[in-house]
Amino acid sequence: MKPKSGKYITFLPDGIDVLVSQKDQSVLDVAVREGFALDHTCGGFGTCGTCRIFVRQGLEKLPPRNDIEADIAEDRGFRDFERLACQTEPIDGLVIERPTKDARNKD
């Protein structure tokens with residue numbers, strides 16, 4: 001059970017609630033800090049698209065994609081709930097899922 005104070009995001013499929021520190025600038029930063037396996041071959045610069053995540057809850061609270069993420073999303077045909085972890089702010093209540101190899105066909 002998580003304490004009431006602080007900002008948390010949830011990683012699926014394990015349902016792990018993670019406290020976001022003030023130093024965490026992106027969902028990718030949180031994932032790396034917590035040892036959550038999430039590909040990120042470009043080092044968080046938004047150029048590779050490998051840190052793609054599915055936002056399962058909280059999408060309406062997120063700001064629009066920045067220019068970097070919008071270019072990748074357009075190029076790769078991302079749906080609205082597909083975001084780049086390196087470009088996504090870790091807002092309280094965000095629930096994200098790491099895509100599986102066949103997830104594209106399921107959603």
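The values are calculated or read from the model by the stated rules, or taken from the named source; none is laboratory data. None of the values given here were measured: they were computed from a predicted structure. Every residue, glycine as well, gets a Cβ built from its backbone with ideal geometry; the counts of neighbours run over all protein chains shown.
Please go through segment 78-103 and pick out each residue that is part of a loop (DSSP other than H, G, I, E, B) and either crowded, with 19+ Cβ neighbours inside 10 Å or on the phi > 0 side of the Ramachandran plot (or both).
T88, P90, G93, R98
List, please: which pairs have Cβ atoms under 6 Å, are six or more places apart or on different chains, and start with a residue in segment 63-84 that is free of Cβ contacts under 8 Å to residues at least 24 places away in the same chain and end with one that is in a loop (DSSP other than H, G, I, E, B)?
If the second residue must be in a loop (DSSP other than H, G, I, E, B), the pairs left are I68/G46; E69/G46; A73/R65.
Could you list, in sequence order, the residues of segment 1-36 that are touching a residue at least 12 places away in the same chain (Cβ under 8 Å) and part of a helix (DSSP H, G or I)?
V27, L28, D29, V30, A31, R33, E34
Can you give me the number of residues within segment 56-77 that are more than 14 Å from E97 (Cα to Cα) and in a loop (DSSP other than H, G, I, E, B)?
6
Among the residues of segment 20-44, count how many are among the charged types (D, E, K, R) and surrounded by fewer than 17 Cβ atoms within 10 Å (Cβ to Cβ).
4
Right, D39: under 12 Å from the mean Cα position of the chain (by Cα) and either under 16 Å from P99 (Cα atoms) or assigned to a strand (DSSP E or B) (or both) or not?
Answer is yes for this residue.
Take the conditions hydrophobic (A, V, I, L, M, F, W, C), out of contact with any Cys (no Cβ under 8 Å at 6 or more places or on another chain) and part of a strand (DSSP E or B) and apply them to I53. Does it pass?
Taking the combined requirement at face value, the residue satisfies it.
For segment 20-61, how many residues meet the condition of being farther than 15 Å from T88 by Cβ and at pLDDT 95 or above?
Summing the residues that are farther than 15 Å from T88 by Cβ and at pLDDT 95 or above in segment 20-61 gives 0.
From the list D75, D67, D71, D17, which residue is under 14 Å from the mean Cα position of the chain (by Cα) and surrounded by fewer than 19 Cβ atoms within 10 Å (Cβ to Cβ)?
None of the others qualify; the one that does is D17.
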